[in-house]
Amino acid sequence: MGYIKKLRKVVGSRPLIMVGACVIIINEQNELLLQHRKDNGCWGLIGGSMELGESLEQVAYREMLEETGLQAQQLILLQTYSGEGFYYQYPHGDEVYLVVTTYECKQFAGELKHDEEEAFEVRFFPIEQLPVNLNQVDQPIIKDYIKKA
């Protein structure tokens with residue numbers, strides 16, 4: 001998150017438009033991979049913000065590898081989310097309006113591991129048994145995915 005960190009030095013915690021991507025990773029048992037986030041204690045999708053010069057697809061590939069140890073073999077573009085429902089205030093006070101492009105990944109390789117700076121763990125959950133404490137901005141994305149699945 002180098003670009004956003006640099007902006008924060010100039011604007012402080014005031015609201016920013018933050019563009020990024022997330023990945024709905026589904027295994028062969030039709031389970032959804034979530035990360036238990038350290039910043040807010042919630043379970044959330046894999047993803048993050050765009051760096052200068054990156055495409056949204058590159059963000060999705062990079063974040064998936066960094067946060068899970070898994071390398072996407074194929075990403076399928078699903079939808080872009082934005083608007084008032086995607087306002088988020090981090091526990092430390094930074095405010096953002098997210099523009100999130102969502103991808104689906106069912107084909108991946110590698111050994112599952114988590115980014116120890118960002119998450120307590122990553123785990124696959126049956127779609128019908130997702131944790132109650134889902135990250136606020138991930139909830140509508142997950143609900144839309146489940147409706148269409």
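The values are calculated or read from the model by the stated rules, or taken from the named source; none is laboratory data. Quantities reported herein were computed from a predicted structural model and do not represent experimental measurements. Reconstructed Cβ throughout: ideal geometry from the backbone, glycine too, with neighbour counts over all protein chains shown.
Among the residues of region 77-92, which ones are surrounded by 12 or more Cβ atoms within 10 Å (Cβ to Cβ) and either out of contact with any strand residue (DSSP E or B) (no Cβ under 9 Å at 6 or more places or on another chain) or of a type outside the set (S, T, Y) (or both)? Matches in region 77-92: L77, L78, Q79, G85, F86, Q89. Checked against (1) free of Cβ contacts under 8 Å to residues at least 24 places away in the same chain; (2) of a type in the set (D, E, K, R); (3) surrounded by 15 or more Cβ atoms within 10 Å (Cβ to Cβ), E116 passes all but a single condition, namely (3).
All conditions in (1) of a type outside the set (D, E, K, R); (2) surrounded by 18 or more Cβ atoms within 10 Å (Cβ to Cβ); (3) under 24 Å from Y3 (Cα atoms) hold for C105, with the sole exception of (3).
The set of residues in region 10-41 being closer than 21 Å to V99 by Cβ, surrounded by fewer than 21 Cβ atoms within 10 Å (Cβ to Cβ) and either of a type in the set (D, E) or in contact (Cβ under 8 Å) with a residue 24 or more places away in the chain (or both) consists of S13, R14, P15, L16, I17, V19, R37, D39, N40.
Which fully enclosed strands (runs of 3 or more DSSP E) of region 40-106 have 3 or more residues being at pLDDT 95 or above, of a type in the set (G, A, S) and within 15 Å of the chain's Cα centre (by Cα)? Steps first, answer last, please.
Values: elements: 46-49, 70-81, 87-89.
Of the strands (runs of 3 or more DSSP E) lying wholly inside region 40-106, those with at least 3 residues that are at pLDDT 95 or above, of a type in the set (G, A, S) and within 15 Å of the chain's Cα centre (by Cα) span 46-49.
It is to be established whether one or more residues within region 132-140 are at pLDDT 95 or above, in a loop (DSSP other than H, G, I, E, B) and under 13 Å from the mean Cα position of the chain (by Cα). Yes, some residue in region 132-140 is at pLDDT 95 or above, in a loop (DSSP other than H, G, I, E, B) and under 13 Å from the mean Cα position of the chain (by Cα).
Evaluated against (1) in contact with a helix residue (DSSP H, G or I) (Cβ under 9 Å, 6 or more places away or on another chain); (2) modelled with pLDDT of 95 or more; (3) not acidic (D, E), F120 falls short on exactly one condition, (1).
Criterion applied to G69, G44, G83 was being on the phi > 0 side of the Ramachandran plot and touching a residue at least 24 places away in the same chain (Cβ under 8 Å), and the one residue passing it is G69.
Mind counting the residues in region 22-31 that are on the phi < 0 side of the Ramachandran plot and in contact with a Pro (Cβ under 8 Å, 6 or more places away or on another chain)? Walk me through how you get there before you give the answer.
Quick first cut of region 22-31, residues on the phi < 0 side of the Ramachandran plot only: 22-29, 31.
From what's left, in contact with a Pro (Cβ under 8 Å, 6 or more places away or on another chain): 29, 31.
Number satisfying all stated conditions: 2.
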